[in-house]
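The structure appears below as C-alpha cells.
The values are calculated or read from the model by the stated rules, or taken from the named source; none is laboratory data. Remember, it's a predicted structure, so these values are computed and weren't measured experimentally. A quick note on method: Cβ atoms are made from the backbone with ideal geometry, for glycine too, and the neighbour counts reach across all protein chains shown. In case anyone asks, the SASA skips ligands and DNA or RNA and just uses the protein heavy atoms, side chains included. Shrake-Rupley method; radii C 1.70, N 1.55, O 1.52, S 1.80 Å.
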Amino acid sequence: MSINQLIFRNMKKNIANYYLYVFALVFSVALYFSFVTLQYDPSMDEATGTIKGAAALRAASIMLISIVAVFLIYANNLFIKRRSKEIGLFQLIGMTKQRIFYMLSVENLFIYFGSLIIGILLGFSISKLVTMIVFKVTGVDNVASLNFSPEALLQTLVVFAAIYILIMLLNYVFVKRQTILALFHVKQKTESRVKKLSVFEIIMGVFGIALILTGYYVSSKLFNGNFTSMNSLFMAMIFILGSVIIGTYFFYKGSVRFVANLIRKKKDGYLSINEVLSLSSIMFRMKSNALLLTIITTVSALAIGLLSLSYISYYSAGKTAEGESPDDFTFVSTEDAAAFGDELREHGIEYNEETTEFVQAEVYIEEIVGVSTEDLNMDGSWTTMAVVSDESVEEIDVSEKETRFAGYNDALHRMMNLADSGKITIRSENEEINQSYLGTEKVDVLPTFITTGLPTAVVDDSVFDTVASDADPDIQRESNTFVGLTLNEETSAEEADQLFQSMQLSETPGNSSQYATYQMQKQNMGLIMFIVGFLGLTFLITSGCILYFKQMDEGDEEQPNYTILRKLGYTRGDLLKGIQGKQLFNFGIPLMIGLLHSCFAVQSGWFLFGTEMWTPMFIVMGVYTALYSIFGLLSVFYYKKVIKQAL
C-alpha cells in the first residue's frame, strides 16, 4: 500500500472523530471572515461611528483569532494524542518519523484547508446577515448588501495558514520527541487517575470554597463605602479576581471530589448503577482536568459578565438619555430655545415648554454621606450643588425647613451612600441655612450638564428665593435658567432632532437632544454588545467543543466497562441514565460556577452601566445556557453510540 493510499484510508477511518472539529473549524473561519469583512465594508462607517469604533473591531478580530488559535492547537494536541498508539504501530512496522509526519501533514492539509474554504464560503454568505445585525443593534438606518472583500479573504488566509504552520510544527516536535514505548503510554499519562482522596485534597477543597465565597462577599461590598480610595478599590478588585480564580482551581482540584466522596460515604458505598456512572467521572477525572476547567469557567464568567454589562447599558439607553436630558430638548440659552421653538412651529410640530430657575450653592453634606467627601473628589464637606424650588418639581413638595434630593440614580447611591435622613446646611454668599434632609427621589429635574452628576437639592420656594438673592457669584454659571421642550407626539422626535442638528444648536454647551443622546448611547453600546457577543459566541463554541472532545476520549476509554455491564444484564437504558447524570455534572458544574461568578461580578458594578440589571442579565444567562447545553446533548448522543457498540 502506498503512502497516499494509507493517508486517504486513515482520513476515512478518522473522519467520524473529526466531524465536530471540522464543524468548529468551519464555524470559526466563517465567524472570523464575516467579522473581518465588516472592517472593509464601506456601509459600516456609520455604524462604527468614530475611529474608536473601527479600532474596536480590529482589536476584537485579534482577540477572536487568539481564541480560535488556542482552540485549534488544543484540539490538534488532543487528537494526535488519541492517535499515539496508531503512530507507534506505524513506527513498529518500519515507517520513519519523517514519513509519519508527512502523512499527518497531508491528512491535516486536506481537512484543515478543506474546512477553511467551506468556512470562507459560509462566512461570505452570512456576512450580509452579520451586517444587518450590526445595523439593528446600533440603530443605523442603512441597507446591508452582500460585499466580497479581497482584503478580508487575504487576511483570513494568512492568519489561518500561520495557525496551520504552527500546528504542524507542534506535530513535528511531538512525533520527533516521542519513543515507540512512550507513544503507547501517552494517553494514560495525560488522563491520569486519582483513586484515593487525601487529607491535603480535602483541605484544598474546603479552602477553595472558602476563597470563592470570600471573593463573592468582598465583591458585594465593593461600592458600599468600604473602600474609600482608588488604591484600596483597585487592590480589592485584584483580591477578588485572585481569590475567585484560585478558589475555582482548588474547587475542581479537591472540592468536587470531596463532595462526591461524602455522597458515596453517606450511602456506605452502596451506589446504584446511575450513581456509579455519574460520580465516577467526578471522583477520578475532575482533578486531572482542573486547570482546563478553571480556564473555561473563568473565561465563561468573563464573557457572560461583559455581555451582561454591555446589554445592561444597551437595555438602559432610554433611561440613561432621560437622566442626561430630562426633556426632549434642553437649553441653557433662552434665545436658542425661542429660535428652536419657532422652527418647530413652522414645521407643524407641537410641543410644551417649561422654564426652570436654578442656583448654584454650597451644601454641607458630611452628616448624610456614608463615605469621605475627599474620596469623591469634593472640596471638603462643602459641595457645590444645583438648588431649585419645589414649585418647579411637580413630584416633590417640602416645607421651609426641609430639603429633598432629586436626580438620584443607583450609581450615585452606591458611590455616595447617602442616608435616608439627616441634617444639611445650604450656604449662600453671606448666609447659612440649616435644613432637614428627607431623602432622595429618582425624578430627573436638571440635565447632567448642570448637575455634573450630583443630585439636585429641592427646597421650599421661599428658601430658594433667599439663596438666589444672595448667590455666590464665583460658583454661578453663565445662565441660571434651564428651558425644556417636550414634544406632544413621540413620532416627531426624529424630525425635530434633524432640525435641532441643522441649526447647530448642539454646539452650544448645555443644549442637548434626548433623541440624539439615546441614539448615541444605543450606537456605542450596540457595537460593544455585538463585539462582546461575537467573541462570547466563539468562545462558547470552542470551549464546548473542547469539553465534548474530552467526553469522546473518556467514552472510548470506558467502552470495555460498558461491555462488562451489558454482559451483567444492564440495559442500554440503565447505562444511558447514568451517562446523562455524568454529562449533567461534566457540563453543568463549569456552567453553574461560571454563571455564579458572572452574577456576583455584574451585581457589584452594574449600576455604573445602566438602570436595570435582572432582566438583561437573565436574558444573557438564559441564551448562553441554552447554547452551552447543546454540547452536553451531543455528548449524550456520542455515549449512546458507544454503549450501542459495547455489545
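Averaged per residue, what accessible area in Å² does the chain show with a 1.4 Å probe, protein chains only?
48 Å²
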Semi-axes of the equivalent ellipsoid for segment 255-369, Cα gyration tensor, largest first, Å: 65, 21, 13
Alpha-carbon Rg with Dmax, taken over segment 97-188, Å: 20.2, 65
Backbone N under 20 Å from the Asp397 label point (7 Å along Cα→Cβ), restricted to segment 461-479: 461-465
Sequence of Arg572, Arg264, Arg566, Arg345 from largest to smallest accessible area, 1.4 Å probe: Arg345, Arg572, Arg264, Arg566
Selection from Gly610, Gln521, Phe585, by position along the positive dipole direction of segment 492-628 (Cβ): Phe585
Leu241 - accessible surface, heavy atoms, 1.4 Å probe, Å² rounded to 10: 100 Å²
Dipole moment magnitude, nearest 20 debye, the chain about Cα centre, only Lys, Arg, Asp, Glu C-beta charged: 9780 debye
For Val443, residues with placed amide H under 5 Å, excluding near neighbours: Gly407, Tyr408
Extended-chain gain in nm, criterion 0.36 nm per residue less alpha-carbon gap, Thr486 and Leu271: 70.4 nm
Cβ crowding within 10 Å averaged over residues, with 616-627, 29-40 ranked highest first: 29-40, 616-627
Area projected by the alpha carbon convex hull of segment 512-591, averaged over all directions, nm²: 7.7 nm²
Probe 1.4 Å, all protein chains present, accessible-area order of Met237, Met44, Met525, largest first: Met237, Met525, Met44
Accessible area, probe 1.4 Å, largest first, for residues Leu271, Leu412: Leu271, Leu412
Area accessible to solvent at Glu429, 1.4 Å probe radius, in Å²: 100 Å²
Per-residue HN-Hα couplings for segment 249-254 [Karplus 6.51, -1.76, 1.60; θ = phi - 60°; Hz; x = Gly/Pro]: 4, 5, 4, 6, 6, x
Cα convex hull of segment 544-608 - mean projected area over all directions, nm²: 5.7 nm²
Angle between the chain longest axis and helix 334-346 axis [Cα atoms, degrees, rounded to 10]: 70 degrees
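Over the chain, with every protein chain in place, what whole percent of the accessible area is carbon and sulfur at 1.4 Å, could you tell me? Let's see the in-between values first.
Values: 18590 of 30750 Å².
Summing carbon and sulfur atoms, their accessible area is 60 percent of the total for the chain.
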The chain: angle of helix 572-605 to the longest principal axis, Cα-based, in degrees nearest 10: 30 degrees
Angle in degrees between helix 514-567 and the longest Cα principal axis of the chain, rounded to the nearest 10: 20 degrees
Relative packing of peptides 597-603, 353-359 - highest average C-beta neighbours within 10 Å first: 597-603, 353-359
Structure-based [θ]222 nm, the chain - -39500 (n - 2.57) summed over DSSP H runs of at least 4, per residue, nearest 500: -22500 deg cm²/dmol
Sorted peptide list for 289-301, 415-427, 88-100, criterion being average Cβ within 10 angstrom, highest first: 289-301, 415-427, 88-100
Vicinal HN-Hα couplings computed from phi for segment 290-301 (Karplus, 6.51 cos²θ - 1.76 cosθ + 1.60; Hz; Gly/Pro x): 4, 5, 4, 5, 5, 5, 4, 5, 5, 5, 4, 4
Heavy atoms of Asp268 accessible to a 1.4 Å probe, total area in Å² rounded to 10: 120 Å²
Histogram of C-alpha separations across the chain, 10 Å bin width, %: 3, 12, 18, 20, 17, 12, 9, 6, 3, 0, 0
